[in-house]
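Student: Here's a structure for you.
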Amino acid sequence: MRQSPIFSVLALLLLVVAVPTANAATVQVTVHNFEFDPATVNIQAGDTVVWTNTAGIHSVTSDDGTSFSVEAKAAPWTFSHTFPAAGNFPYHCEVHSFMTGTVNVTGGGSGGDQHGSLKLEQTSYSVQEGESVAVRVLRLNGDDGPVSVSYSVAAGTASASDFTAASGTLSWADGNDDVKTVTVVTKEDAAAEGNETVTVTLSNATGGATIDNAGKAATVTIQDDDAGGGPPSVPGNLQAHAHSTTEVMLTWTDSNGETGYRIEMKTLGGTFQQVASAGQNETSAVVGGLAPATGYVFRVRAENGSGVSAFSNEASASTDAPVAPCVPDATTLCLNNGRFEVRTHWRSASQSGDAAAVALDFAPDSGLFYFFSPTNIEMLVKVLNACVPALGNKYWVFYAATTNVELTVTVIDTQTGRTRVYYNPLGTAALPQQDTSAFATCP
């Protein structure tokens, strides 16, 4: 029997409705440190790549000059492109030709989950004999589904008496991309044996995750301390500056007689832990894998075969916050016409929490916080516009608190993401803050 045209159209519509729609994925690429990170992206047709420039003047330009392009401009900026069909798409930065990347597009229509790529944050570490170092493992470009990866800590040129061999599995839950660590433990001895190496290797990724070949293995150099002579001089003038929402840039003055440097970090109120290392004669490093809008403290010391120097001065910095409008709520003040977001976290010997915000309609540059009761105001905060040459062309942050609880005050410039974090330890009477150099982000 011949079907009517109307019946055929209805059947076709039902077929279309019955076909499940694939969910296109989005993959992030960060433009920083004069590189595209990751440099190689593997996606499905229909997926989108988002490039975010966090520092410097860069562009994203396809090698064929027509597939996709964003002109060179200063950070911060974001550019996205959806790849509708399979193919290989190499690209570069027009300002720095050595910055290159590739987008590999396969298949089409699957739009599958992005399980992520696993890698070691650094491929080179240094540790003094008898001490330990935390090797950081990252999950990038996706957090769909539970994944895991095996790791091993094995001898390079070191012997079994120089370190503790180890192996195991690191696991991430669905939606989790926290930094994991593999701790390399070395052993002290009295033998003058020179520097030796240990290798940390990732293998056997599961759950659909991949291992980034560029971060598959790392070499840990054990600095021998039995070679005689003296330790190096102390590195000086350590400075720390926000580099992005997840990175801080460190600079220091070179030591004398060093073979490398160890970089230690702590959160405000936390304890120091070695998080990175730098080679001989290096005077800067970027520490990554950090939380946005968070304050950190850093210190550096030099090392050689005879020992380690004393620590440098401590330097603090806060990572940037994602750029977003300020939204006032029960714990958030939006000051200076809403440009600055202010939050306070407090901790006593038995309690902790986010301070309650009290906005002042008659004083839009100022606000109050209380911790325990609305009848007990404990803090006044104000952000002042000093964007005139006579006052230094900056925004000022002033606050006063009548308390001795632990305080962490976070102030964010919502137009630039620049962040200042102030800290008062538990049991110490809070001193007034008068930061007239808080934000050089005028106007």
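The values are calculated or read from the model by the stated rules, or taken from the named source; none is laboratory data. Since this is a predicted model, take the numbers as computed values, not measurements. Heads up, the Cβs are rebuilt from the backbone with ideal geometry, glycines too, and the neighbour counts pull from every protein chain shown. Just so you know, the surface numbers come from the protein's heavy atoms only, side chains and all, with ligands and any DNA or RNA stripped out. Shrake-Rupley method; radii C 1.70, N 1.55, O 1.52, S 1.80 Å.
Student: For segment 76-93, which positions are loosely packed, with under 15 Cβ neighbours inside 10 Å and either assigned to a loop (DSSP other than H, G, I, E, B) or at pLDDT below 85 (or both)?
Tutor: Listed by number, the residues that qualify are 84, 85, 86, 87.
Rundown of residues vs (1) open to solvent by 20 Å² or more (accessible area, probe 1.4 Å); (2) part of a loop (DSSP other than H, G, I, E, B); (3) of a type in the set (Lys, Arg); (4) closer than 26 Å to residue 290 by Cα, yes/no style:
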| position | (1), (2), (3), (4) |
| --- | --- |
| 316 | yes, no, no, yes |
| 325 | yes, yes, no, yes |
| 333 | no, no, no, yes |
| 338 | yes, yes, no, no |
| 341 | yes, no, no, yes |
| 350 | yes, yes, no, no |
| 367 | no, no, no, no |
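Student: To continue, here is another question. Of the numbered conditions (1) closer than 30 Å to residue 309 by Cβ; (2) without any contact (Cβ under 8 Å) to a residue 24 or more places away in the chain, residue 131 fails exactly one; give the number of that condition.
Tutor: With respect to (1) closer than 30 Å to residue 309 by Cβ; (2) without any contact (Cβ under 8 Å) to a residue 24 or more places away in the chain, residue 131 is out only on (2).
Student: Separate question: Counting just the residues of segment 94-109 that are touching a residue at least 12 places away in the same chain (Cβ under 8 Å) and open to solvent by 70 Å² or more (accessible area, probe 1.4 Å), which one comes out farthest from residue 43 (Cα to Cα)?
Tutor: By that ranking, first place goes to 95.
Student: Separate question: Sort out which residues of segment 235-282 are among the hydroxyl-bearing types (Ser, Thr, Tyr) and without any contact (Cβ under 8 Å) to a residue 40 or more places away in the chain, and write them in order of number.
Tutor: Of everything in segment 235-282, those that are among the hydroxyl-bearing types (Ser, Thr, Tyr) and without any contact (Cβ under 8 Å) to a residue 40 or more places away in the chain turn out to be 251, 253, 267, 271.
Student: Tell me which of these residue 119 doesn't satisfy, since it passes every other one: (1) closer than 19 Å to residue 30 by Cα; (2) open to solvent by 30 Å² or more (accessible area, probe 1.4 Å); (3) at pLDDT below 90.
Tutor: Status for residue 119: all satisfied but (3).
Student: Here's a check for you: in segment 280-290, which residue that is in a strand (DSSP E or B) and more than 20 Å from residue 183 (Cα to Cα) is least open to solvent (accessible area, probe 1.4 Å)?
Tutor: Restricting attention to segment 280-290, the residues satisfying the condition of being in a strand (DSSP E or B) are 284-287.
When the remaining residues are screened for being more than 20 Å from residue 183 (Cα to Cα), the result is 284-286.
Working: 284: 54, 285: 18, 286: 49 Å².
Per the criteria, the residue is 285.
Student: What's the number of the condition residue 311 fails, among (1) under 23 Å from the mean Cα position of the chain (by Cα); (2) surrounded by 15 or more Cβ atoms within 10 Å (Cβ to Cβ); (3) part of a loop (DSSP other than H, G, I, E, B)?
Tutor: (1)
Student: Go through segment 348-377 and count every residue that is modelled with pLDDT of 95 or more and among the charged types (D, E, K, R).
Tutor: Selection size over segment 348-377: 2.
Student: Scan segment 298-320 and tell me whether some residue there is within 30 Å of residue 385 (Cβ to Cβ), hydroxyl-bearing (Ser, Thr, Tyr) and in contact with a Ser or Thr (Cβ under 7 Å, 6 or more places away or on another chain).
Tutor: From segment 298-320, those within 30 Å of residue 385 (Cβ to Cβ) are 315-320; that's our starting set.
If we keep only those that are hydroxyl-bearing (Ser, Thr, Tyr) as well, we get 316, 318-319.
Right, trim to in contact with a Ser or Thr (Cβ under 7 Å, 6 or more places away or on another chain) and you get 318-319.
For segment 298-320, residues within 30 Å of residue 385 (Cβ to Cβ), hydroxyl-bearing (Ser, Thr, Tyr) and in contact with a Ser or Thr (Cβ under 7 Å, 6 or more places away or on another chain): present.
Student: From the list 293, 302, pick out the single residue that is out of contact with any helix residue (DSSP H, G or I) (no Cβ under 7 Å at 6 or more places or on another chain), crowded, with 21+ Cβ neighbours inside 10 Å and in a strand (DSSP E or B).
Tutor: The unique qualifying residue is 302.
Student: In this structure, is residue 171 more than 22 Å from residue 247 (Cα to Cα), loosely packed, with under 15 Cβ neighbours inside 10 Å and modelled with pLDDT of 90 or more?
Tutor: Yes; evaluated as a whole, the condition is true for this residue.
Student: If you go through segment 248-263 one residue at a time, do you hit one that is in contact with a Gly (Cβ under 9 Å, 6 or more places away or on another chain), surrounded by fewer than 21 Cβ atoms within 10 Å (Cβ to Cβ), part of a strand (DSSP E or B) and on the phi > 0 side of the Ramachandran plot?
Tutor: no
Student: What about residue 390, is it modelled with pLDDT under 95, open to solvent by 60 Å² or more (accessible area, probe 1.4 Å) and touching a strand residue (DSSP E or B) at 6+ places or on another chain (Cβ under 7 Å)? I'd like the intermediate steps shown before the answer.
Tutor: Numbers: modelled with pLDDT under 95: yes; open to solvent by 60 Å² or more (accessible area, probe 1.4 Å): yes; touching a strand residue (DSSP E or B) at 6+ places or on another chain (Cβ under 7 Å): no.
Taking the combined requirement at face value, the residue does not satisfy it.
Student: Would you please name the residue that is least open to solvent (accessible area, probe 1.4 Å), looking only at residues in segment 124-138 that are closer than 14 Å to residue 260 by Cβ and not in a strand (DSSP E or B)?
Tutor: Among residues in segment 124-138 that are closer than 14 Å to residue 260 by Cβ and not in a strand (DSSP E or B), the one least open to solvent (accessible area, probe 1.4 Å) is 129.
Student: Taking residue 436 as the residue in question, decide whether it is under 24 Å from residue 242 (Cα atoms), among the β-branched types (Val, Ile, Thr) and open to solvent by 50 Å² or more (accessible area, probe 1.4 Å).
Tutor: Judged against the criteria, residue 436 is a match.
Student: Another question, if that's okay. When both residues are 6+ apart or on different chains and their Cβ atoms are under 7 Å apart, which pairs have a first residue that lies in segment 170-181 and is in contact (Cβ under 8 Å) with a residue 24 or more places away in the chain and small (Gly, Ala, Ser), and a second that is assigned to a strand (DSSP E or B) and open to solvent by less than 50 Å² (accessible area, probe 1.4 Å)?
Tutor: Listed pairs, sorted by first residue: 171/148.
Student: Follow-up question, since we're still on this one. Would you confirm, using the coordinates I've provided, whether residue 378 is among the acidic types (Asp, Glu), in contact with a Phe, Trp or Tyr (Cβ under 6 Å, 6 or more places away or on another chain) and over 30 Å from residue 130 (Cα atoms)?
Tutor: When the stated conditions are applied, residue 378 passes them.
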